[in-house]
Amino acid sequence: MRKIHVFLLILISTFIFSCLNVDASSEKIINVLIQNGNEKGYFEYKDGEYSGYYYDYLMAVKKDSWQYNFTTDKTKPYDIVVGTISNAENNKTGDYQTKYPIVSKDYIVGFSNTNYDFTVNDITSCYNKLIGAGMNDYIYGTTTALNSSFKDFCKNQGINCGSGSDRNNSKITYSVVDDPIEYFLEDMVDGILVDDSKALEYELLSAVKFSSISLYIESKNKDLIDTIDNNVNFINSIDSDYISTLKNKYFSSIYQRTLKFNDEELEYMQGRSEINVGVLSCSAPFSYVENGQLKGVITNYIKRIEEKFENVNFKYKTYDSIENARKALLSGEIDINLVNVYYIGNSNGDVSSSYYKDKIGIYLDKHEKNGKIAAFSEHTFEYAKSIGYGDNSVILFKNIEEAIKEYKNGNVRGIIGATSICSYYINKEQLFNLELSLTKSETVYYSFEYGSTISSISKSIITKITSQIDEQLMKNEITSEIINAYTPSLVENFRLKDFINKYAIVLVTVFVIIICIIVFLASVILFNINRSRKKAYDEIYVDHLTKGNTLKKFLLDVNKIVKDEENWSVIYFDIINFKNINTMFGEKTGDYVIVKLYNKLVSMALDSIVARIYADRFVVAVKYSNEKNYIEKLDYYAKLFYRYLISEFPDFNVSLRCGVAYASSSEDISITIDHASQAAHILNKTTGVNYLVFDDTMALEIIKKSEIERDMEKALASKEFEAFYQPKVNALTNEIVGAEALIRWNHPTKGLLSPGVFIDIFESNGFIVDVDFYIFTLVCKHIRNELDEGRKVVTISSNFSRAHMMSYNFVTKLNEIADKFEVPHKYLEIELTETMSFDALSQYKDVIVSLRSAGYKIAIDDFGSGYSSIQLLYNLPITTLKLDATYARKTNKSDFEDSLMQSIIDICLKNDIDIICEGVETKEQLDYVLSRNCTNIQGYYFSRPLPEIEYIKYKEGKK
Ligand code: C2E
Ligand code: CA
Ligand code: CA
């Protein structure tokens, strides 16, 4: 019986015995703490069932009498803890630890599985890619920066890898962000540094594995650990691949093999006609010649690869022994030897990583007790000697065919060699007296061997090709080759009666199986019919995300009730800035929040009906008894829901607006919903809870907003947006030092509109991004014109909404525009608003740094109106601080405030950061700010924002 069968039998009997529960008294409950909880691939709990690497492993190493009780809660008592690292003192849990690591956890560069533009385990796949890394990756109790271990990995290979200002001369760049996964999902980075579990969760593929750690089991109970170690030892002795197969079972999808050559390699292949490869003519099942044709598993593989890549051409030469193939390799006759067998630490030459592993087997004749054994490769020959077969007991033959011949002639009593090869020939020749002796076994590796003639680039091509070989598939092909090596002929002397007699059991079994299949298919069909009915219902009435009501279901239910009962109303909930969650944290997070919010509404709404209309919009139909009761209810809903929102999701900076409308029995409920939503939409840009009850005057406001949204795209196309320029003046010298570009909308029917009317709307619908680039383009055009005309040129600042900061090609886009007009970047200033807060701004540090290194000036706008963090000044490379108009105007500042602002101004001036005061209108205000050392002024005192022509006049007049 094969070893694996023994193992399976043991597992099955273990299972049966534990089910029978033969001896309940000896049963032992082992409380198992799973470190790091439910990590995909490692430990999962779904529909009452456990699965994952840890689970399988624990089940395999357990004693029959053990019963596991799993927990992920560290505060609960436990006997063993699974998944610890050996040397982390801060993570120390038990006094003993298993001596064999239970798993090696990998850290990889993950790319999207829809992007097949890379080869697994090829660092060059990461060239010219932007990789996202976490700020601090919390790895098993310690905070570690994955990016530094990746950087070290690259360094070891002589590849530059850097972030921030290091980026310029790096082949691989990374960006340290707070949540790399979200960045990745939003396509803001090409790949990310993650552990294998996260890679599995987000269906990533590993481009390269750069680090791994070994994890163990720990316990205070030495006996438990010893038992586990013994059992692991036992499993390894009967199936040494158990651990790697188990890891493959869960994680192979991350290491899926794809093959892509880089430009250099493609060019090389194009210029070269073929690569000479040597194969053995008698090394079945790997390679052999039959009826003049080259066959075998490895040759099939190579041929398939050759077909797939038209530029890869191999020329085969066959040799009858490894020795001859090696000679050819050394003489340059061939570049690669395809089949090279060696055992670890003992390979002769320059070899590729192995594409297959095998055991060395010793096959001895069961009747012959004395005599020599035959080896057919130098490695196994040496190996035989190393395990006690002296010079006189092992003979080296040229190849296995020779060895078999000697055995058949009675000159040797057995053979030593790789088990796949031996099994093939034993089966083919029907040598059933040869039995595998289990006592000694060692792994041999199959690989390619390179000759001295092969260039490093050919080698890398071959390495990539090796990575294409799937060991599991190869195993299957090898098995089928071995089975097919000898096929007894069934057709001769065929008689039906004999056949039936001989195969009665098989026939009955086949019959039963067919019946089972028919029954199964019938039930699948019935099940599908039912399911598609249910699916049709679900699609209409069940919201796919929340599993709650859809709008249709809501209308159906509420219309019915409202017809019969009075006093119903509809509250419409809209989460403001919800879009930010999606853009900043990814849609998955967005979906998660939506489901939580929906559930909260349902739990609040006792005598009400809830539905999600779409996106982040919810409606609740509420019953009330009188007006007072109604307002109370509304207050209750809005406040409770808002409190929930900000306490559950404090980082998302979202708020809530609600619209309310009374339902009437004569109106369809969809009209009530419309009214409620219109009321909500009037509450533009609010913070905190806000609700508004619908009345008729509201309809007008709504029309205004929808008109703007209706007109905006067309306005951009027909150049209705204009830049006005407001001069910035040095009040001491009366010289013009710069200007700010401010948008105006020259609306065909409404006249000149100020940004106050439309900017918020553009920000809320994202149109602002296009508009900002448009104004920036006008600014560049203007400066180009001034340069061409030989007039004085000053720096012009443009406003950029925070929406830009999320896109990493922001800087590239700016460069494109500026360079198109050949405007030196020093004339361009980017105004970022300080209300973003320091935390928000520092998140964008990378972008701000690259803006600055691209030569743009950077101004912080509206300083003093919001958080006024001085950290900004030394953490970010800013060039200008714009003091908000309130600074010049607010005369009743406290001494503290005044001196704080003064020291900020002084710090700036000392450190070459320009200060400019905005909104200075009067002489008093001017005198005040001058007395505070602010000499640069932007305000009506000097000039309002001016159309381009007037601005040029003003500027020229100042000369
Ligand atoms: P801001 O960036 O703070 O621009 C300064 C605003 O103050 C301008 O209003 C300007 O006309 C006004 N101002 C300047 N001096 C005085 C003064 O002495 N007294 C008074 N009362 N006001 C003064 P404006 O042009 O209406 O722009 C309002 C806001 O709209 C800007 O505030 C800026 O946040 C935004 N904005 C304007 N253009 C753009 C743009 O192209 N893109 C983006 N994203 N936002 C823009
Ligand atoms: Ca501004
Ligand atoms: Ca401002």
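What follows is calculated from the coordinates using simple rules that are stated; it is not laboratory data. It should be emphasised that the depicted structure is a prediction, and the values quoted were computed from it without experimental measurement. We place every Cβ from the backbone using ideal geometry, glycine too, and count neighbours over all the protein chains shown.
Can you check what the net charge comes to around Tyr78, using other residues whose Cβ is under 12 Å from the Cβ of Tyr78 (Lys, Arg +1; Asp, Glu -1)? Please list the in-between numbers first.
On the way: positive: Lys74, Lys76, Lys220; negative: Asp73, Asp79, Glu218.
Net charge in that neighbourhood comes out at 0.
Subtract the Cα-Cα distance of Leu716 and Asp178 from 0.36 nm times their separation in residues, and report this length gain in nm to one decimal.
That works out to 190.2 nm of additional length.
Taking 0.36 nm per residue of sequence separation and subtracting the Cα-Cα distance, how much length would be gained by fully extending the chain between Ile529 and Asn300, in nm to one decimal? Can you show the working numbers first?
Working: separation 229, 0.36 × 229 = 82.44 nm, distance 4.45 nm.
That works out to 78.0 nm of additional length.
Using 1/(1 + (r/R0)^6) with R0 = 60 angstrom and r between the beta carbons of Thr443 and Ser603, what's the FRET efficiency to the nearest 0.05?
On the way: r = 59 Å, r/R0 = 0.98.
FRET efficiency, Thr443 to Ser603: 0.50.
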Simple spin-label model, 7 Å along Cα-to-Cβ: Ser456 to Lys552 in nm?
6.4 nm
Please report Phe776, Phe234 as a ranked list, fewest other C-beta atoms within 10 angstrom at the top and most at the bottom.
Phe234, Phe776
Would you list which lysines come within 17 Å of Lys198, measuring only between C-alpha atoms, while excluding same-chain residues fewer than 8 positions from it?
Lys40, Lys105, Lys209, Lys247, Lys249, Lys588
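Report the FRET efficiency, 1/(1 + (r/R0)^6), for Glu707 and Glu763, where r is their Cβ-Cβ distance and R0 is 22 Å, rounded to 0.05.
Details: r = 17 Å, r/R0 = 0.79.
FRET efficiency, Glu707 to Glu763: 0.80.
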What's the extension gain from Glu627 to Ser214 if we count 0.36 nm per residue and subtract their Cα-Cα distance?
142.0 nm
Label point distance in nm, Lys750-Asp56, each placed 7 Å from Cα along Cα→Cβ:
6.3 nm
Neighbour counts of other C-beta atoms within 10 Å: give me Ile29, Ile878 arranged from fewest to most.
Ile29, Ile878
Using the number of other C-beta atoms within 10 angstrom as an exposure proxy, rank Ser206, Ser903, Ser677 with the fewest first.
Ser903, Ser677, Ser206
Where labels lie 7 Å past Cα in the beta-carbon direction, separation of Glu897 and Lys74 in nm
4.5 nm
Report the FRET efficiency, 1/(1 + (r/R0)^6), for Gln67 and Met135, where r is their Cβ-Cβ distance and R0 is 30 Å, rounded to 0.05.
0.10
